[in-house]
Amino acid sequence: MLKKCLRYDLKSVFPYWIFGAIAMLLMSIPGGLALRSQQLHTGDTDHFPWEIFVIMLVYFVGIAFLILTEILIYVRYYKHFFSDEGYLTFTLPVKRRTLFTAKVFNGVIWNALTVLVILVSVIIMFCFMPSIPSDTVPPEVTEPIISAGWIFAYILEALALIIISAFSSVLSMYLIITIGATIVRKNKVIVTIGIAYGASIVTSILSYILVFIGMLYVASAIALFPEAPSNLGLLIFLIIALVIAVSFTIAVALGLISIRIIERKLNLA
Amino acid sequence: MSTPVLECERLTKSYRAGTPVLNELDLTIPSGKIFGLLGPNGCGKSTLIKLIAGILMPNSGGIKICSEYRSESSNALISYLPERPYFSSRMKVNELLDYFEDFYEDFDKLLAYNMLRDLKIEPLAQLKTLSKGTKEKVQLVLVMARRAKLYLLDEPIGGVDPAAREYILNTIIGNYNPEASVIITTHLITDIEPALDEFAFMGGGKIIMQGNCDEVRERTGKSLDMLFKEVFRC
């Protein structure tokens, strides 16, 4: 049933999302030409910098595309669950937990695809440039990391962090919408925005506390090894792993709270 | 008496602190019946239907569907028609049929297409292009094309023309199956009366009268519509 639910969720977003994706990809062509022209005219004081406006436009299209994706995901979630469409959604022979899980995957998949399209657009833009500029990281930082083979571990950690952050972001918005639609009775929009801000502050404080406690543990663990202070690669690895663990814990908690509210408190009047 | 399809035990529901909409309501409906749930505005008919459908949670009391306490798996046994359009308006009629076929094992797509043809509804039409009455007909087609154990029809004929009403009532009667029951709420008692086997009058959050339609007509010498006016006279 999860596959079926997810298929219909993906289908409901696609017809609108694709316009944003096409616009983003198309904008990468003038964006690339602007970058190329800007690089060719570096130091030319007589040249009117029209490229800035095109690059700004590409930037705004990218932001609009991200916002469009967020709106599509969260509006669909609200409409499927808490508007009249909920009469159909919650009378389907599907567990509420499954319906919610499908919505979470739907949100993460569209966020990931949006980031991918933006990334492809940036690559297309860079392909137009005669030479790609690169900022160098000091070798005293990179050498111990690369030589110790930590770079592959970091890539894996970065991927895990991106995926968990995407889940966490989607789950926190779903929880806010769920609370706004089920528990709040009056001034729903204002109270829901208040809840969003409050939840964001509480989550941040909680994250900082958990990361701080974790860092103390990491520091004490490192101190146990005589060569630890020089082992920068391990330290970075452990800190990122800690952030992943905290994000994962928060994401799971947010999801479980939403599911519990939907299972116990949902009343479609 | 045959096995009950629905049993409500001391069902209570209130939306806010105060007078409950349903107050320890007891109701049992056997299988194979077309049951009229009748009452004045605000007596809790739709609330009861929504509780049975599972989109409202009771404050207390229990609901049994086919002898099992209501759970998420009960949705497979219930075919629910709400009193308002509830489909996404950007969907086409045939897409809705595919959707129902995907999720409900008991959905008869061929029967649904036949009913659409009888009601002159174009399967390729997008819902947002249809009138309110036609949307209601589409919903009814989808709900009645299932082979469910319990049909919950909340105001099924309220928004449709008299010609379509007759077709809809014939469809409801035509779907008669000894293992299933149909619960209908409506204000149009005269229209629905010929189709009903049993009825219940609701008032004050409780069932105040319940019986077999033929027996009551014979005993009182009055139609259900007349009896309703007598019981709920303002």
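The values are calculated or read from the model by the stated rules, or taken from the named source; none is laboratory data. Every value quoted in this text rests on a predicted model; they were computed, and no experiment measured them. Cβ sites come from the backbone with ideal geometry, for glycine too, and all protein chains shown count toward neighbours. For the accessible areas, the whole protein counts, side chains as well, though only heavy atoms, and no ligand, DNA or RNA atoms are used. Shrake-Rupley method; radii C 1.70, N 1.55, O 1.52, S 1.80 Å.
For segment B:129-145, indicate whether the set of residues that are exposed (fewer than 14 other Cβ atoms within 10 Å of the Cβ) and of a type in the set (D, E, K, R) is non-empty.
Checking segment B:129-145: at least one residue is exposed (fewer than 14 other Cβ atoms within 10 Å of the Cβ) and of a type in the set (D, E, K, R).
Please enumerate the residues belonging to segment A:58-83 that are within 14 Å of another protein chain (Cβ to nearest Cβ) and open to solvent by 60 Å² or more (accessible area, probe 1.4 Å).
Within segment A:58-83, A:Val75, A:Tyr78, A:Lys79 meet the criteria.
Would you please name the residue that is modelled with the highest pLDDT, looking only at residues in segment A:211-269 that are among the aromatic types (Phe, Trp, Tyr) and in a helix (DSSP H, G or I)?
A:Phe248
Looking at B:Lys64, B:Lys13, B:Lys45, B:Lys92, which one is among the charged types (D, E, K, R) and closer than 19 Å to B:Met144 by Cα?
B:Lys92
B:Thr220 passes all but one of (1) hydroxyl-bearing (Ser, Thr, Tyr); (2) closer than 21 Å to B:Leu119 by Cα; (3) free of Cβ contacts under 8 Å to residues at least 12 places away in the same chain; which number fails?
Going through the list (1) hydroxyl-bearing (Ser, Thr, Tyr); (2) closer than 21 Å to B:Leu119 by Cα; (3) free of Cβ contacts under 8 Å to residues at least 12 places away in the same chain, B:Thr220 breaks only (2).
Whether any residue in segment A:104-111 is open to solvent by less than 30 Å² (accessible area, probe 1.4 Å), more than 19 Å from A:Leu66 (Cβ to Cβ) and more than 9 Å from chain B (Cβ to nearest Cβ) is what I want to check.
There is no residue in segment A:104-111 that is open to solvent by less than 30 Å² (accessible area, probe 1.4 Å), more than 19 Å from A:Leu66 (Cβ to Cβ) and more than 9 Å from chain B (Cβ to nearest Cβ).
Can you tell me which residue in segment B:73-104 is farthest from the other protein chains (Cβ to nearest Cβ), limited to those that are at pLDDT below 85 and within 20 Å of the chain's Cα centre (by Cα)?
Among those that are at pLDDT below 85 and within 20 Å of the chain's Cα centre (by Cα), it is B:Glu83.
Inside segment A:1-114, counting only helices (runs of 4 or more DSSP H) that do not spill past its ends, which hold 1 or more residues that are modelled with pLDDT of 90 or more and within 30 Å of A:Ala160 (Cβ to Cβ)?
Passing ranges, in order: A:2-40, A:51-82.
Please specify each residue of segment B:12-69 satisfying the condition of being farther than 30 Å from B:Ile173 by Cβ and of a type in the set (A, V, I, L, M).
Listed by number, the residues that qualify are B:Ala17, B:Val21, B:Met57.
Do the conditions hold for B:Leu116, that is, is it away from every other protein chain (no Cβ under 14 Å) and crowded, with 16+ Cβ neighbours inside 10 Å?
Judged against the criteria, B:Leu116 is a match.
How many residues does segment B:124-177 contain that are modelled with pLDDT of 85 or more and under 18 Å from B:Tyr104 (Cβ atoms)?
Here the count works out to 16.
Looking at segment A:243-269, I want the residues that are within 14 Å of chain B (Cβ to nearest Cβ) and have a partner that is assigned to a loop (DSSP other than H, G, I, E, B) and modelled with pLDDT under 85 with Cβ atoms under 7 Å, at least 6 apart or on another chain. Which pairs are those?
A:Lys265/A:Ile183; A:Ala269/B:Tyr15
For segment B:45-69: of the residues being more than 12 Å from chain A (Cβ to nearest Cβ) and of a type in the set (D, E, K, R), which is least open to solvent (accessible area, probe 1.4 Å)?
B:Lys45
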